[in-house]
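Computed from the coordinates by the stated procedures, all read-outs in this text should not be read as laboratory data. Because the structure is a prediction, the values reported are computed rather than measured. Note: ideal-geometry Cβ built from the backbone for every residue, glycine included; neighbour counts use all protein chains shown.
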Amino acid sequence: MGRRSKYPEEFRRETVQLVLTTNKSMAEVARDLGINYKTLGNWVRVEQDRVAKDFAPGALSESERVELKRLKKENAELKVEREILRKAAAYFAKETIR
């Protein structure tokens, strides 16, 4: 897992919008705000990728992706729980046969 960003999410969003909606270059915006040019470039690239995914045919929306991630996590937890219950049932079945 990566480390937490020292920049708040809102600041990142607003900075990316500044680059995308003004005539200023990324270098100018980065210099004005005192952030690394490559960092800003990464933020812009991530936003452009996100937008491209949203407009691709058959693509999931952001909320659908979040829900899918949550459901996958829940599914994995349920599989673990089912496996534990299966083993417990087998153990207790052996105990009652003795």
Inset, instruction - Go through K53/K73; K72/K94; K69/K94; K6/K72; K38/K72 and tell me which ones have a Cα-Cα distance over 31 Å in this structure. - result: K72/K94; K69/K94; K38/K72
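Just the number, please: Stokes-Einstein D of the chain in µm²/s, Kirkwood Rh from C-alpha pairs, 25 °C, 0.890 mPa s.
On the way: Rh = 17.7 Å.
The diffusion coefficient I find is 139 µm²/s.
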Legend entry - Check: region 1-59 dipole with +1 on Lys, Arg Cβ and -1 on Asp, Glu Cβ, in debye: 280
Legend entry - Per-residue ³J(HN,Hα) for region 17-23, Karplus 6.51 cos²θ - 1.76 cosθ + 1.60, θ = phi - 60°, Hz, x for Gly and Pro: 4, 4, 5, 6, 10, 10, 8
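Suppose we look only past 17 Å in the calculated P(r) of region 27-79. What percent of the Cα-Cα pairs does that tail hold? Before the final figure, lay out the partial values.
Working: 793 of 1378 pairs.
So the pairs more than 17 Å apart make up 58 percent of the total in region 27-79.
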Inset, instruction - Let me have the 222 nm mean residue ellipticity of the chain computed from DSSP H runs of 4+ only, each contributing -39500 (n - 2.57), with the sum over all residues rounded to the nearest 500. - result: -26500 deg cm²/dmol
